[in-house]
Amino acid sequence: MTRALNIKLMRDFWRMRAQALAIVLVTAAGSAAFVMLLGTLHSLEQTQATYYERYRFADIFDNVRRAPDARAVDLAHIAGVRKVTTRIVYNVVLDIGGMSEPVNGLLVSQPRPDEDALNNIYIRRGRLVQPLGTDEVVMSETFADANHLDVGSSFYAVIKGHRRKLTVVGIGLSPEYIFFGVPGTMVPDDQRFGVLWMDRDTLASAFDLRGAFNDVSLGLTPGANAQDVIDRVDAILEPCGGIGAYARKDHVSHATLNGDIEQLRATIEVAAPLFLGVVAFLLNMLMMRHIETERESIGVLKAFGYSNQSVAWHYAKLVLVIVVLGILAGLVGGAWLGRMVTQKYAANYHFPFLQYAITTSVFAEAAVVQFGAALVGGFGSLRKAVLLQPAVAIRPPPPPVYKRTLLERMGLRLFGDQPTRMILRHVLRWPVRSGLTALGIALATTILVAPLAVLDSAKHMVDVHFFASERQDLTVAFAQTRASSPALQAMSREPGVLQAEPFRATLADVRFGARQRRITVLGRPGGVNELSRPLAGQSEPLGIPSAGIVISNTLAEWLGAVKGDFIELHFLEARRPLVRLPVTAIAQAHVGLAFFMLHMDLDRLNALMGDGDVITGAHLRVDATDREPLYDQLKGTPSITGAVSSTAQLAAMHRIMAQTTRMTILLVAFAAAIVFGVVYNSARISLAERVGELATMRMLGFTRPEVAYILLGELALLTAVAVPLGCLGGYLLAWKLTEGTSNEMFRLPLFVTRASYGYAILVIAGTVLLSGAAVVLRVFRFDLIGILKTRE
Amino acid sequence: MTPGEPAFTAIALAKAYQTEAGEVHALRGIDLELPEGEFLVLLGPSGSGKSTFLNILGGLDQPTTGQILFRGQDLSGYTERELTAYRREAVGFVFQIYNLMPSLTALENVALAAEIARDPLDPEEALDLVGLANRRGHFPAELSGGEQQRVAVARAIAKRPDVLLCDEPTGALDSRTGIVVLEAIARARRTLGTTTVLITHNASIGGMADRVVHFADGRIAGMRVNDSPRAPAELSW
């Protein structure tokens, strides 16, 4: 008896293989996405935490002009401070063979061997610099890889005006420099910015810092109040030219990495349950409908004398086989995809190691939710079928009773021809089911639109930044202030320079009401500048007022200041003037560096500072065909500490976005799989229910396309209702994702192109059409006579 | 269309089906001529081939060998597309099961067929012909079996078909209801002059035909011309 049922089970499975495969596909897509997303997130978080801990990433950071070693002892005495590590850190320009553009190097003193220092170096290859190894450096791996350098390679650096040959003895990594770039750049650029760890004594002699330091890191005891420590550090280091201590959360590398992980988390926290929920709902619906179509067989089995239990178990096995296959495929596929994605991320972050960990709870959660959904859906219908008297069950369910829809009863005439009326009445006859199908399509659209929208926003931010705001080809920063006219003339005379726009950057404490913070003040030529300029909206440049200041929207929000308010500025250089200036305009800022920035007229700034007509750098427009000689020239100029090329930054940004694009493509594939599963099964069930009607239409002389219209028209209608909702959902989800992404480093303004909606709609429509077509092919193979004469 | 001219001509019409048990011969050489406007009743036991013959006449099936001419055109050479067009323009079907669209009202079911025809009756007029003008707004689930079948008849004649093909139209109905349906068919035929072929197990229905053909084992076993066809109301079984 059971054997016969088992054979039936196998045959059933084979008969409904296409539908079963669609359900397996949906289940697999759901669990794979869930496992992949959560596995990636957990692994990255765990790896980051372990990396920070093992290499003692500091909690508080500060830079000073010059502080005697004795200050370090004072810092160590601050309550809550566990460890103090001082260093010498300098920006220099490098000359790397094969790189025509100027390359920036950050020289960092290597911890002494006996020192249990913070911000330790992980040596990937080679060794640390030996004491008094004056020409030796340990090079950051990202920089070495990007420039094809390795242990034994040599290059030149301009240190305090002297061109020195340095040799790589080790390749290293540090949690402090996972992401870094030239100060003032938008994106990390591995190729043009590297960290070089050198012997401390060598650096001390070169920069005249014997018995002193210009960089300090502090480790805190658990539970210490970071802000209290920062206040104490500021008090101790201010006389030494401290720029203001900051906590780990404001550390560029950490903030960027965290921003990345936060974005991933925001995506995952929404997407993972969404995927699982969508799939659970689908499973429930599909199983429910599948059992409904099995009603007659259930009646026959019961008529033969099979017990309710054995019939129930028979169908439960069918449900279980399908779901188990789907979940297994999903878990294995998800774990594999997760590892691949995590490896990509880890490689991108240059983690020295990777702790790939999918907790069993992630697997269990995915499996339990999906099982539950399938069983609840399957058993609900099964119970109904099993409880029917065999004599009732054995007959097909009575034909559905249609009534005029509520709208029609209210006097509205359904428009269109009879086939269209059939579609509308069928949809309205089962509003819950139609609604659920539409919801499935809508959710898949949401999953599709959201990542595309986030990608759009990132692209838009880059476009605004590089093509509307920062339009220079190159930015050079001087080692110290230089007299404006001679410096600009010198710059203009450099080969290939078409235009030079001066700026002076200086630090100031800004205060408004109770709020105070240290920010960068940029002095720029008055009026609307050609190259680098703040923006009023998306792309309208803002002029620099001759009196008053322009502040970023972020700063305005933080301070609570509006246009017309007077803001107090306490400059930290030259004669350290204290002034109150009116806000004349608010600029839009999307990138961290511009967040807390204040723009004012260069001449006015210089007049306030009282140290003459000086600048600290210039933005340059350069002849694209004539860059090499300029780069050569800049590399040999000791008074230049940094040179940043916008094209290189743009390229780096695009490399980063390529990563996001890959992730987006993966999500698109998942969404498409889900849509296919939903639509194919809906259409198959719809076909099963309406096979007689469709055959009758063929008999009446309706052509195949006209009959297909009944099925496809219904899908099209549901899709047409679902897609706008899905697009709206995608927009809202993207809004939540970009909100989650915004931090002190980035603010992603939500910007969705029509192309993204179009692309999402195309994918959905294409998938609907494909799955609909697969079902319509069955209409074309109808056995008309059989259906017309045997249907009851 | 000229009365007296053949609407259909079957020449050595044969149909065989391949089954796992071997070849089954449903029709074994039928030669028959149907004049325009004739009312033909096919009688015969199950499996005698009458339904296969009707399906071939209606363009739902094609013969294995032989010819079936409709007004001189050989239907056996028609493509799927041509057969669909033929059914659309020329044929009205009524089956034992009504095959109505549950989501459309009586009137809308009739309109479904009328909308794709070249020169249809007004759907209301078609419903009126079968005596259901007062039930036009009802859905199939709200109609009795006999009413549903009359809607099916109205749907079949709404396109003004050249031929009306009825396969056991009263098979599922009691005699009183069956007669009402037959009256609807007779009235429609009279009004439109449609060539009509009706299959039945019920020999007494032959009384309303112009000619009765007996099928047995895929062949024509007998034929009887009815000189004075009776009205359905005069029939009883």
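With neighbours defined as other Cβ atoms within 10 Å of a residue's Cβ, the residues A:Cys727, A:Cys240 order from fewest to most as A:Cys240, A:Cys727. Against the main long axis of the alpha-carbon atoms of chain B, helix B:80-90 sits at an angle near 50°. Taking a straight Cα-Cα cut-off under 20 Å and skipping sequence neighbours fewer than 8 places away in the same chain, the lysines within cross-link reach of B:Lys15 are A:Lys789, B:Lys50.
Among the listed pairs A:Lys344/A:Lys459; A:Lys83/A:Lys344; A:Lys8/A:Lys302; A:Lys83/A:Lys160; A:Lys8/A:Lys384; A:Lys459/A:Lys563, those with a Cα-Cα distance over 24 Å are A:Lys83/A:Lys344; A:Lys83/A:Lys160; A:Lys459/A:Lys563.
Database remark: amide H of B:Ile30 closer than 5 angstrom to the amide H of B:Ala12, B:Leu13, B:Ala14 (H placed geometrically; neighbours at sequence offset of 5 or more, or on other chains; Pro and chain starts carry no H).
On a 0 to 90 degree scale, rounded to 10, what angle separates helix A:17-54 from the longest Cα axis of chain A? For helix A:17-54, the angle is close to 20 degrees. When each of B:Ile199, B:Ile185 is scored by the number of other beta-carbon atoms lying within 10 Å, the sequence from fewest to most is B:Ile199, B:Ile185. Based on C-alpha pairs under 8 angstrom that are at least 6 apart in sequence, the range B:187-229 has a relative contact order of 28 percent. Cross-link partners of A:Lys165 among lysines, defined as those whose alpha carbon lies under 30 angstrom from its own and excluding same-chain residues fewer than eight positions apart: A:Lys635.
Beta-bridge orientation, the protein assembly as shown: approximately 75 percent antiparallel, per DSSP, counting only bridges with both partners inside. Each label was represented as a point 7 Å from its Cα along the Cα-to-Cβ direction; for A:Lys736 and A:Arg112 these points are 5.4 nm apart. Model label sites at B:Asp227 and A:Ala514, defined 7 Å from Cα along the beta-carbon direction, differ in position by 11.9 nm. Across the options A:His619, A:Tyr52, A:Ile358, the greatest Cα extent toward the positive end of the charge dipole of the protein assembly as shown (unit charges at beta carbon of Lys, Arg, Asp, Glu) belongs to A:Ile358.
Peptide A:417-423 shows a mean partner chain C-beta count of 6 within 10 Å per residue C-beta. Here the contact order of the range A:474-626, divided by its residue count and restricted to Cα pairs under 8 Å and six or more residues apart, works out to 37 percent. Tell me, how many Å apart are the Cα centres for the range A:437-508 and for the range A:219-273? So the separation of the two Cα centres works out to 24 Å.
Once you have a ≥ b ≥ c as the square roots of the Cα gyration tensor eigenvalues for the range A:407-519, tell me rounded if a/c is under 1.5, and otherwise prolate or oblate according to whether a/b is larger than b/c. Taking the square roots of the gyration eigenvalues as a ≥ b ≥ c, the range A:407-519 is prolate.
By its C-alpha gyration tensor, with a ≥ b ≥ c as the square roots of the eigenvalues, how is the protein assembly as shown shaped: rounded for a/c under 1.5, else prolate for a/b larger than b/c, else oblate? It is prolate, given that a/c is not under 1.5 and a/b is the larger ratio. A Förster distance of 22 Å, applied to the separation of the beta-carbon atoms of A:Val691 and B:Glu20, puts the FRET efficiency at 0.40. Using the Cβ-Cβ distance between A:Arg778 and A:His654 with R0 set to 41 Å, the FRET efficiency works out to roughly 0.30. Inter-chain Cβ neighbour count for B:90-100, averaged per residue, equals 4 (cutoff 10 Å, partner chain atoms only). Straight-line cross-link partners of A:Lys736 among the aspartates and glutamates, defined as a Cα under 14 Å from its Cα and at least 8 positions apart when in the same chain: A:Glu262, A:Glu269. In order along the range B:206-221, phi translates into HN-Hα couplings of x, x, 8, 8, 6, 8, 10, 10, 9, 9, 8, 6, x, 10, 7, 9 Hz, rounded to whole numbers, per the Karplus curve 6.51 cos²θ - 1.76 cosθ + 1.60 with θ = phi - 60° and x for Gly and Pro.
Going by the alpha-carbon gyration tensor, a ≥ b ≥ c the square roots of its eigenvalues, is the range A:60-251 rounded (a/c under 1.5) or, if a/c is not under 1.5, prolate (a/b greater than b/c) versus oblate?
Judged from the Cα gyration tensor, the range A:60-251 comes out prolate (a/c at least 1.5, a/b above b/c).
Charge dipole (Cα centre; +1 on Lys/Arg Cβ, -1 on Asp/Glu Cβ; no other charges) of the protein assembly as shown amounts to roughly 1840 debye. Taking other C-beta atoms within 10 angstrom as a stand-in for reagent exposure, A:Leu237, A:Leu132 fall in the order A:Leu132, A:Leu237, fewest first. Distance between the 7 Å Cα→Cβ label points at A:Phe13 and A:Glu296: 2.4 nm. For the range A:275-376, the relative contact order works out to 56 percent when only alpha carbon pairs closer than 8 Å and six or more residues apart are counted.
Other protein chain C-beta atoms within 10 Å of residue C-beta, averaged over B:110-117: 5. The angle between the Cα long axis of helix A:226-237 and the main principal axis of chain A comes to about 20°, on a 0 to 90 degree scale.
Electrostatic tally near B:Arg176: other residues with Cβ closer than 15 Å to its Cβ, Lys and Arg +1, Asp and Glu -1, net -3. Here the extension length gained between A:Glu238 and A:Asp69 equals 59.4 nm, from 0.36 nm per residue of separation less the Cα-Cα distance.
Close amide-amide hydrogen proximity is noted between A:Ile549 and A:Val583, A:Thr584, A:Ala585, each under 5 Å apart and 5 or more residues distant or on a separate chain (H modeled in the peptide plane; Pro and chain starts excluded). Applied to the range A:57-69, the Karplus parametrisation 6.51 cos²θ - 1.76 cosθ + 1.60 on θ = phi - 60° returns per-residue 3J(HN,Hα) values of 5, 6, 9, 10, 10, 7, 10, 10, 5, 6, 10, x, 4 Hz, with x for Gly and Pro.
Phi angles across the range A:479-492 convert, under the Karplus curve 6.51 cos²θ - 1.76 cosθ + 1.60 with θ = phi - 60°, into 3J(HN,Hα) values of 5, 9, 4, 10, 4, 4, 4, x, 5, 5, 4, 4, 4, 5 Hz, Gly and Pro given as x.
5 Å is the cut-off here: which amide hydrogens, built 1.01 Å from N in the peptide plane, fall below it relative to B:Ala221, excluding neighbours closer than 5 in sequence? Close amide H contacts, sequence-distant or interchain: B:His214, B:Phe215, B:Ala216.
Here the gap between A:Arg164 and A:Leu572, fully extended at 0.36 nm per residue and compared with their Cα-Cα distance, gives a gain of 143.6 nm.
Rounded to 0.05, the FRET efficiency of the A:Lys563 and A:Asp603 pair, given R0 = 35 Å and the Cβ-Cβ distance, is 0.95.
Every read-out reported here was derived from the displayed coordinates using simple, explicitly stated rules and does not represent laboratory data. Owing to the predicted nature of the structure, the values given are computational and were not obtained by experimental measurement. Neighbour counts run over all protein chains shown; Cβ positions are idealised from the backbone, glycine included.
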